[in-house]
Amino acid sequence: MRIVVDADVPNSVAEFFQRRGHEVIFSREVLLPESKDPLVARLAADQGAVLVTWNRKDFLALAKRRRGPHGAYTYAGMHLITFDACSHPEGLQRLQALIEEIETAYERRVAQRHQRLVAIIGRTYIKYEDLA
């Protein structure tokens, strides 16, 4: 997977993805500091990357945003892994426990069916959103 890590993601999470063999792009190294969320979403969409962020509310809304009422998704190339009510250490721990499932879901959804991966990781669950 190609991963874009948002500015709110600790280095330990990015390093975990790198150890798993994934390409990691740090948004804070590519974009100006304090870049707005739509710009980060555009970076991930243009790269066909999985955006990893703790900013669940804003980026989930961006992932679902369409051009017009029934138009194409604005950030159609962006995949998303986000966290719900997890601290950074808890999120890393949950990610480590779920990474094989997430990689399998990515393979099935993205590589095989050309869908998007949108995963929300909570303290006791993982939920996938179905977005084309």
Residue in region 93-101 that is in contact (Cβ under 8 Å) with a residue 12 or more places away in the chain, hydrophobic (A, V, I, L, M, F, W, C) and over 21 Å from Gln47 (Cβ atoms) present: yes
Any hit, region 57-70, residues being touching a helix residue (DSSP H, G or I) at 6+ places or on another chain (Cβ under 9 Å), more than 16 Å from Glu129 (Cβ to Cβ) and in a loop (DSSP other than H, G, I, E, B): no
In region 48-74, the residues that are surrounded by 17 or more Cβ atoms within 10 Å (Cβ to Cβ), over 11 Å from the mean Cα position of the chain (by Cα) and in contact (Cβ under 8 Å) with a residue 40 or more places away in the chain: Tyr73
Any chance Arg116 is in a loop (DSSP other than H, G, I, E, B) and either over 26 Å from Pro38 (Cα atoms) or in contact with a strand residue (DSSP E or B) (Cβ under 7 Å, 6 or more places away or on another chain) (or both): yes
Residue, surrounded by the most Cβ atoms within 10 Å (Cβ to Cβ), within region 75-132, restricted to residues that are among the aromatic types (Phe, Trp, Tyr) and farther than 17 Å from Val5 by Cα: Tyr128
Those residues of region 9-23 which are over 11 Å from Gln47 (Cβ atoms) and either outside any loop (DSSP other than H, G, I, E, B) or at pLDDT below 95 (or both), in sequence order: Asn11, Ser12, Val13, Ala14, Glu15, Phe16, Phe17, Gln18, Arg19
Looking only at region 1-29, and only at residues there that are among the β-branched types (Val, Ile, Thr) and touching a helix residue (DSSP H, G or I) at 6+ places or on another chain (Cβ under 6 Å), the one that is surrounded by the most Cβ atoms within 10 Å (Cβ to Cβ): Val4
Residue, nearest to Asp130 (Cα to Cα), within region 71-103, restricted to residues that are part of a helix (DSSP H, G or I) and polar (S, T, N, Q): Gln96
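The values are calculated or read from the model by the stated rules, or taken from the named source; none is laboratory data. For clarity, every value in this text was computed on a predicted model and none was experimentally measured. Note: ideal-geometry Cβ built from the backbone for every residue, glycine included; neighbour counts use all protein chains shown.
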